[in-house]
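As structure tokens, the structure follows; a few thoughts come after it.
The values are calculated or read from the model by the stated rules, or taken from the named source; none is laboratory data. Everything numeric in this text was worked out from a predicted model, so none of it was measured. Cβ sites come from the backbone with ideal geometry, for glycine too, and all protein chains shown count toward neighbours. Just so you know, the surface numbers come from the protein's heavy atoms only, side chains and all, with ligands and any DNA or RNA stripped out. Shrake-Rupley method; radii C 1.70, N 1.55, O 1.52, S 1.80 Å.
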Amino acid sequence: MKLPLADMYNKPDERNLLDTMKQGVIGKPLDRPEGRLKVSGSATYAAEWKFDGCAEGVLVLADIPQGEVAKIYDDAVKAMPGVLAVIADEAMVRRSTQGTAGKAPVQDVQTVDYFAQPVAVVVAETFEQARDAALALRIDYKPASDLVPYDPESPDAKVDEPSDSKPIKGGDLEQAMRDAAFSVDVEYDTPGHASAAMEPHATIAQWDGDHLTLHGSYQMLAFNVKEIADCLSISPKKVRILAPYVGGGFGSKLGITHEAVAAAIAAKKLGRPVRVVMNRQQVFQTVMRRSETRQRVRLAADAAGKLIGLGHEAHVSNLPDEDFAEPVTQATEFLYGGENRLLKVEVARISRMTAGSVRAPGEAVGMQVLEAAMDELAEKVGIDPIELRKRNLPVKVPVEGTPYSSRMLVEALEQGAASFGWERRKAEPFKTRDGEWWVGMGVASAARVNVMIPAKARVTLKADGTALVETDQTDIGTGTYAILGQIAGEMLGLPVEKVKVVLGDTELPPGAGSGGSWGAISTGSAVLRACEAIREKLAKAMNCNVDDLEISDGIARHGGTRLKLTDLVKGKDIAEIGSIKPGKTFKDYSQASYGAFFAEVGVNAFTGEVRVRRMTGAFGFGRVLNAKTARSQCLGGMVWGIGSALTEELVFDLRDGHLVNHDLAEYHVPVHADVPALEVILLEERDAAASPLQAKGVGELGICGAAGAIANAVYNACGVRVRSFPLTLDKILPELPDPFMQTA
């Protein structure tokens, strides 16, 4: 069956196209082609490019929380050895750019919106000279007279509804709560989180006449070009960005940030390349944070444990005039039933750095709370937590009535439970003791929306029988180089060793970028489309229908005819650009990836310390494009879940809003000692509505709900229900029973 190569994805592609190919590389756990470069230190990251005459810039941060720059005393600093300039240009940005903005964020750094906002950049011949001069720069400020609160719970904080997230209402939730045989009405809170990517934000800027080139660490180049151009009031056509290797982003590099604009302005002023690299403290203090949340969950169930009502309301924060609000209820909308419902998010306007997308915005914190509340309901109803979830899976999305494209949640719960040994779980706390440790098990569902955004890619079948894939899509450690090579290799019948993938250059066709778990399905679908067009030309050269053409190991076959691709192309390259755009399938179906988490924890009876002993995750996200990179994404998400449950927390001083723990010494991400053996189960399926690849996003799925499973395991172990994340020992210890008590 032939499907038109239309841009818009309006109809589910039922052809199972990749399953009909003969090369056999799709889905295989192949190594990353750039892996050796990365582990050997040979891959060149943003700050590592070498350019003659490159000057070094260091950002200067405000030491007041709100106000205006009154005067910069730069004469003494300019006289310091090696100093070239002190710049506080009005085009510099004072806020991070939201992902997919495609335009400049708030500019004019003379106005201070939050503590440690960049207000200037000092440029010198060496980094040490620039750093010392930046520390010596004295600035007078005029404090703001009308202060914005620093505490999201302050009664003085203005609260509004986000413009892009309207409440979802159905039926009468209040009445459902009154009628319920069993109900839960609880409030949880989660702290703010930092992306804490390994590579700090860095940019090297250089001008050639009126054309700007940036070597930087960014996630979404097609949008970033527009953002930097808008900041500088130039045409996007005069901007080139190169980011072939990015050392992690997790949302913090979705949009252009302070160092990029500062480097571009300084390079223009000095007429030479300028490098600006944020130090770790500056990254924590200035780039995107995940908002803290306060969440109220209401669950109303009948006598059989079937939900008749569901409420999920969230209180989050951001700076005044920022459109983004943490979409806490995003998965709650479609995950469970309950015809009477209220889902709502409100935003408190406060003075802290910009709140924006941090890995799995919405579900990462919303799911862990919802899943903890579901555990509370299961206990009240008196049924197994897995059974409660299975009883409450709706046929269609409540309120809006949209059907599901696919949903592997039951399979994830059942297969995960079987592998984990859930049958050994004791339903009541205090039933399992191992020396000093109370031991318990917990479960949680996983869900993350599936998103496609417009993407293009060029594929060239070379005259020498190799293939070239080109797109500005980035690889931030997710495996994009490998996956795109596998798609092209499968479609064109070539071993992956004969497919070269070039990424991270805005002179190439614009990919989807890395964010929202959409990179693989969006840009991967564009690669598929380009390969389809090439196959059409090869079939014509073979005088056969494209559906009858078989290619493997560089040999094209039809009937009794066998031709090498090198002979078939007759010495000429065949190049095609494929493109994809989301269409009707994203309106006609509710699309998400699903899974389930199982955790076993130990809670020390004497200290309240929590240790995750083992963890299993089972995940269904359509076709698995590369089993190794997919597993790695799930593992990474589960590690994030451990951090969200037990250690990670942004701490702000409520007197002036400054971030207290602004480095990896005090912001506690999980380390090797915190992470036990993790098991990942990949559930193969085909979701034709999600993409022509029949794949869905996996990058963020592994975090969505993981912390809830750990919290539920803590309760099952020691009977302490902590409703404030992270679950640190100071919250658990006061509620523990006599440590010498044995099993109940």
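Return the residues of region 364-383 that are more than 21 Å from residue 189 (Cα to Cα) and either crowded, with 24+ Cβ neighbours inside 10 Å or small (Gly, Ala, Ser) (or both); say none if nothing qualifies.
Scanning region 364-383 gives a single hit, 382.
Restricting attention to region 534-572, report how many residues are basic (Lys, Arg) and in a strand (DSSP E or B).
At the first step, the residues of region 534-572 found to be basic (Lys, Arg) are 535, 537, 540, 557, 562, 564, 570, 572.
Checking which are in a strand (DSSP E or B) leaves us with 557, 562, 564.
So the answer is 3.
If you scan region 29-48, which residues turn out to be surrounded by fewer than 17 Cβ atoms within 10 Å (Cβ to Cβ), closer than 23 Å to residue 495 by Cβ and among the charged types (D, E, K, R)?
Once the filter is applied, which keeps residues that are surrounded by fewer than 17 Cβ atoms within 10 Å (Cβ to Cβ), closer than 23 Å to residue 495 by Cβ and among the charged types (D, E, K, R), region 29-48 yields 31, 36, 38.
When you go through (1) touching a helix residue (DSSP H, G or I) at 6+ places or on another chain (Cβ under 6 Å); (2) assigned to a strand (DSSP E or B); (3) free of Cβ contacts under 8 Å to residues at least 60 places away in the same chain one by one for residue 215, which number turns out not to apply?
(3)
Given the structure, is residue 427 over 30 Å from residue 529 (Cβ atoms), free of Cβ contacts under 8 Å to residues at least 24 places away in the same chain and surrounded by fewer than 20 Cβ atoms within 10 Å (Cβ to Cβ)? Show your work before the answer.
Working: over 30 Å from residue 529 (Cβ atoms): yes; free of Cβ contacts under 8 Å to residues at least 24 places away in the same chain: no; surrounded by fewer than 20 Cβ atoms within 10 Å (Cβ to Cβ): yes.
When the stated conditions are applied, residue 427 does not pass them.
Name the residue, out of 442, 489, 416, that is at pLDDT 95 or above, in a helix (DSSP H, G or I) and farther than 29 Å from residue 589 by Cα.
Going through 442, 489, 416 in turn, the sole match is 489.
Need pairs with beta-carbon distance below 7 Å; first residue under 23 Å from residue 88 (Cα atoms) and within region 132-157, second open to solvent by less than 60 Å² (accessible area, probe 1.4 Å) and of a type in the set (Gly, Ala, Ser); sequence gap 6+ or separate chains.
As it stands, the answer is 133/124; 137/120; 141/67; 142/67; 143/67; 144/67, since those pairs meet every condition given.
For region 120-139, indicate whether the set of residues that are surrounded by fewer than 21 Cβ atoms within 10 Å (Cβ to Cβ), at pLDDT 95 or above, in contact with a Phe, Trp or Tyr (Cβ under 9 Å, 6 or more places away or on another chain) and among the basic types (Lys, Arg) is non-empty.
Looking for residues that are surrounded by fewer than 21 Cβ atoms within 10 Å (Cβ to Cβ), at pLDDT 95 or above, in contact with a Phe, Trp or Tyr (Cβ under 9 Å, 6 or more places away or on another chain) and among the basic types (Lys, Arg), one finds at least one in region 120-139, hence yes.
Among the residues of region 111-149, write down those that are under 33 Å from the mean Cα position of the chain (by Cα) and in a loop (DSSP other than H, G, I, E, B).
Those that are under 33 Å from the mean Cα position of the chain (by Cα) and in a loop (DSSP other than H, G, I, E, B): 113, 114, 115, 116, 117, 147, 148, 149.
Among the listed residues 606, 586, 597, identify the single one that is within 22 Å of the chain's Cα centre (by Cα), at pLDDT 95 or above and open to solvent by 40 Å² or more (accessible area, probe 1.4 Å).
586
How many of the residues in region 171-193 are open to solvent by less than 10 Å² (accessible area, probe 1.4 Å) and assigned to a strand (DSSP E or B)?
5
Quick one: in region 651-682, which of the residues that are exposed (fewer than 12 other Cβ atoms within 10 Å of the Cβ) and of a type outside the set (Lys, Arg) is nearest to residue 616 (Cα to Cα)?
From region 651-682, those exposed (fewer than 12 other Cβ atoms within 10 Å of the Cβ) are 655, 660, 665, 671-673, 677; that's our starting set.
The next check asks that each one be of a type outside the set (Lys, Arg); those that pass are 660, 665, 671-673, 677.
On the way: 660: 34, 665: 29, 671: 18, 672: 17, 673: 18, 677: 9 Å.
So the residue we want is 677.
Taking only region 140-150 into account, find how many residues are at pLDDT 95 or above and of a type in the set (Asp, Glu).
Qualifying residue count for the region: 1.
For region 66-106, name all the residues that are part of a strand (DSSP E or B) and either open to solvent by less than 50 Å² (accessible area, probe 1.4 Å) or in contact with a Leu (Cβ under 7 Å, 6 or more places away or on another chain) (or both).
Once the filter is applied, which keeps residues that are part of a strand (DSSP E or B) and either open to solvent by less than 50 Å² (accessible area, probe 1.4 Å) or in contact with a Leu (Cβ under 7 Å, 6 or more places away or on another chain) (or both), region 66-106 yields 67, 69, 72, 83, 84, 85, 86, 87, 93.
Just give me the residues in region 641-668 being hydrophobic (A, V, I, L, M, F, W, C) and under 26 Å from residue 153 (Cα atoms), in sequence order.
645, 646, 650, 651, 652, 654, 659, 660
Does residue 115 satisfy the condition of being touching a residue at least 12 places away in the same chain (Cβ under 8 Å) and over 29 Å from residue 358 (Cα atoms)?
Answer is no for this residue.
Take the residues in region 49-65 that are among the charged types (D, E, K, R) and exposed (fewer than 15 other Cβ atoms within 10 Å of the Cβ); name whichever of them is nearest to residue 138 (Cα to Cα).
So, considering only residues that are among the charged types (D, E, K, R) and exposed (fewer than 15 other Cβ atoms within 10 Å of the Cβ), the one nearest to residue 138 (Cα to Cα) is 63.
Cβ-Cβ under 9 Å, sequence separation 6+ or interchain: first residue in region 8-32 and closer than 19 Å to residue 557 by Cβ, partner part of a loop (DSSP other than H, G, I, E, B) and small (Gly, Ala, Ser). Which pairs?
Short answer, once both residue conditions are applied: 21/493; 22/493; 23/493.
I want to confirm something. Restricting to region 194-219 and keeping residues that are among the polar types (S, T, N, Q) and over 21 Å from the mean Cα position of the chain (by Cα), which single residue is surrounded by the fewest Cβ atoms within 10 Å (Cβ to Cβ)? Write out each step before concluding.
As a first pass, look at region 194-219 and keep what is among the polar types (S, T, N, Q): 195, 203, 206, 213, 217, 219.
Narrowing further to those that are over 21 Å from the mean Cα position of the chain (by Cα): 203, 206, 213.
Working: 203: 30, 206: 22, 213: 20.
Result: 213.
Quick one: how many residues across region 453-481 are aliphatic (A, V, I, L, M) and open to solvent by 10 Å² or more (accessible area, probe 1.4 Å)?
The qualifying residues number 4.
Within region 298-336, work out how many residues are over 22 Å from the mean Cα position of the chain (by Cα), open to solvent by 10 Å² or more (accessible area, probe 1.4 Å) and hydrophobic (A, V, I, L, M, F, W, C).
So the answer is 3.
Pull up region 538-569, narrow it to residues that are out of contact with any strand residue (DSSP E or B) (no Cβ under 9 Å at 6 or more places or on another chain) and in contact (Cβ under 8 Å) with a residue 12 or more places away in the chain, then point me to the one that is most open to solvent (accessible area, probe 1.4 Å).
The extreme case among them is 553.
Any idea which residue in region 4-15 is modelled with the lowest pLDDT, counting only those that are of a type outside the set (Lys, Arg) and surrounded by 13 or more Cβ atoms within 10 Å (Cβ to Cβ)?
5
The rows are residues; the columns are (1) within 30 Å of residue 219 (Cβ to Cβ); (2) open to solvent by 10 Å² or more (accessible area, probe 1.4 Å); (3) at pLDDT 95 or above; (4) of a type outside the set (Val, Ile, Thr).
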site: 689; (1), (2), (3), (4): yes, no, yes, yes
site: 693; (1), (2), (3), (4): yes, no, yes, yes
site: 710; (1), (2), (3), (4): yes, no, yes, no
site: 724; (1), (2), (3), (4): no, yes, yes, yes
site: 730; (1), (2), (3), (4): no, yes, yes, yes
site: 733; (1), (2), (3), (4): no, yes, yes, yes
site: 738; (1), (2), (3), (4): no, yes, no, yes
site: 741; (1), (2), (3), (4): no, yes, no, yes
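Does residue 235 count as of a type outside the set (D, E, K, R) and either surrounded by 24 or more Cβ atoms within 10 Å (Cβ to Cβ) or more than 20 Å from residue 506 (Cα to Cα) (or both)?
No; evaluated as a whole, the condition is false for this residue.
How many residues does region 337-360 contain that are surrounded by fewer than 23 Cβ atoms within 10 Å (Cβ to Cβ), farther than 14 Å from residue 292 by Cβ and either of a type outside the set (Lys, Arg) or without any contact (Cβ under 8 Å) to a residue 60 or more places away in the chain (or both)?
3
Among 675, 714, which is over 22 Å from the mean Cα position of the chain (by Cα), modelled with pLDDT of 95 or more and within 25 Å of residue 419 (Cα to Cα)? Step through it out loud before you land on a result.
Working: 675 fails: over 22 Å from the mean Cα position of the chain (by Cα).
From the options 675, 714, the qualifying one is 714.
Of the numbered conditions (1) within 24 Å of residue 686 (Cα to Cα); (2) open to solvent by 40 Å² or more (accessible area, probe 1.4 Å); (3) in contact with a helix residue (DSSP H, G or I) (Cβ under 7 Å, 6 or more places away or on another chain), residue 397 fails exactly one; give the number of that condition.
Failing condition for residue 397: (2).
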